[in-house]
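The values are calculated or read from the model by the stated rules, or taken from the named source; none is laboratory data. The model shown is predicted, which means the values in this text are computed figures rather than measured ones. Note: ideal-geometry Cβ built from the backbone for every residue, glycine included; neighbour counts use all protein chains shown.
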Amino acid sequence: MDQSAGRVVVVGDALIDELRTPEGSDDHVGGAGLNVAVGLARLGVPTTLLASVGDDADGASIRSHLAEHGVELVATVNPLGTGRAVSERVDGEPTYAFSDAAVARTLDFSPAQEAAIATAPLVAVSSYPFDDARATERLLDVVGERPPRLVVDPNPRPGFLRDAARFVAGFERAARLALLVKVGEDDAALVAGTSVDEWRRRLLDAGAGAVLATYGADGATLERAGHEPIRRGISALPGGVVDTMGAGDATFAAIVASLLARTEGAGGTDWAAALERAMDVAAATVRAPGALLREPS
């Protein structure tokens, strides 16, 4: 992809993560879409985020955070305010409860948002309400089918889901038009009713250009239609795992950046290098607290 063609557009959620511990609570700017957008910016990719954000103090915090990282925000103003995700740690893993404003995160696809998408070399979607058929239809209509530039991480979470079957149907419809989709073991268990490997094959058979299947600490497999799968473990880096919260978003951002770079001759992508880079970034990210993407030093 030619970076001069426009800024990469990320479509997804932006909210406040309220982290509760026995000692109290802390607020942090978050959301999967926002994490991916900031991650791309940290990888040197000019990025615009399309998200539903309130005209309130939490929204101001989000706008300030994005500006600090050089991410352009083209927002749909959420009449319910800025969304919140309340998270608590259970056996080291976060659990989430989402506010009504967070669940009502559908975009209005304003002229400014449509214009951003029209010039984007890639449109990366993370944590979109695919269980809303109208919202899915609108997204796919605005992005278009050709050339394929859609990259999707469905990132379903229990507090966001209204109907798992409808979510899978909407996501798989988007996957048929996608350059690449990312799915994880937790995603498959939550909404697909099958293993992540079976879901990967199903998505490829349905028309997805490539599928990145992630297995947590066991790494990932990247497979393209008609090609042998590529498997990589999480990269070995100094230090221990501190926080896994941002691993999936960092992996997705790294893959999107590699798709944009098109590092293989004749306009292709070096898929093995892209997967290796994503595993490096994931390993570095989990070795620091918070969801901010990190690169190996």
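Test each condition in (1) touching a helix residue (DSSP H, G or I) at 6+ places or on another chain (Cβ under 8 Å); (2) on the phi < 0 side of the Ramachandran plot for G219 and report the one that comes out false.
That leaves (2) as the condition not met.
Identify, by number, the condition in (1) surrounded by fewer than 24 Cβ atoms within 10 Å (Cβ to Cβ); (2) in contact with a strand residue (DSSP E or B) (Cβ under 7 Å, 6 or more places away or on another chain); (3) under 25 Å from P147 (Cβ atoms) that V9 doesn't meet.
Here V9 clears every test but (1).
For the structure I just gave you, tell me whether A208 is at pLDDT 95 or above and closer than 18 Å to V152 by Cα.
Working: at pLDDT 95 or above: yes; closer than 18 Å to V152 by Cα: yes.
Yes; evaluated as a whole, the condition is true for this residue.
Being over 17 Å from the mean Cα position of the chain (by Cα) and more than 24 Å from V123 (Cα to Cα) is the filter here; which residues of the range 193-218 pass it?
G193, T194, S195, D197, E198, A217, D218
Answer yes or no: is there a residue in the range 182-204 that is among the small types (G, A, S), touching a helix residue (DSSP H, G or I) at 6+ places or on another chain (Cβ under 6 Å) and crowded, with 23+ Cβ neighbours inside 10 Å.
no
Find the residue count for the range 151-174, including only residues that are free of Cβ contacts under 8 Å to residues at least 60 places away in the same chain and closer than 19 Å to W199 by Cα. Lay out the reasoning, then the answer.
Start the filter on the range 151-174 by keeping residues that are free of Cβ contacts under 8 Å to residues at least 60 places away in the same chain, which leaves 152, 154, 156, 161-174.
Next, from what is left, pick out any that are closer than 19 Å to W199 by Cα: 152, 154, 156, 161, 163-174.
Total meeting the criteria: 16.
From the residues in the range 1-31 that are hydrophobic (A, V, I, L, M, F, W, C) and in a strand (DSSP E or B), which one is modelled with the lowest pLDDT?
Restricting attention to the range 1-31, the residues satisfying the condition of being hydrophobic (A, V, I, L, M, F, W, C) are 1, 5, 8-11, 14-16, 19, 29.
Filter again for in a strand (DSSP E or B), leaving 8-11, 15-16, 19, 29.
Details: V8: 97, V9: 98, V10: 98, V11: 98, L15: 96, I16: 96, L19: 85, V29: 96.
The qualifying residue modelled with the lowest pLDDT is L19.
Which of the strands (runs of 3 or more DSSP E) found entirely inside the range 44-161 contain at least 2 residues meeting this: surrounded by 14 or more Cβ atoms within 10 Å (Cβ to Cβ) and at pLDDT 95 or above? Lay out the reasoning, then the answer.
Working: elements: 47-53, 72-77, 84-90, 93-98, 123-126, 150-153.
In the range 44-161, the matching strands (runs of 3 or more DSSP E) lie at 47-53, 72-77, 123-126, 150-153.
Only one of these is at pLDDT 95 or above, in contact with a helix residue (DSSP H, G or I) (Cβ under 9 Å, 6 or more places away or on another chain) and among the hydrophobic types (A, V, I, L, M, F, W, C): A282, A236, A225. Name it. Can you show your working first?
Numbers: A236 fails: at pLDDT 95 or above; A225 fails: at pLDDT 95 or above.
The conditions single out A282.
Hey, G219 hits all of (1) over 19 Å from G31 (Cα atoms); (2) crowded, with 23+ Cβ neighbours inside 10 Å; (3) touching a Lys or Arg at 6+ places or on another chain (Cβ under 9 Å) but one; which does it fall short on?
The number of the failed condition is (2).
Cβ-Cβ under 9 Å, sequence separation 6+ or interchain: first residue in the range 230-246 and within 22 Å of V211 (Cβ to Cβ) and free of Cβ contacts under 8 Å to residues at least 40 places away in the same chain, partner in a loop (DSSP other than H, G, I, E, B) and of a type outside the set (F, W, Y). Which pairs?
R231/G219
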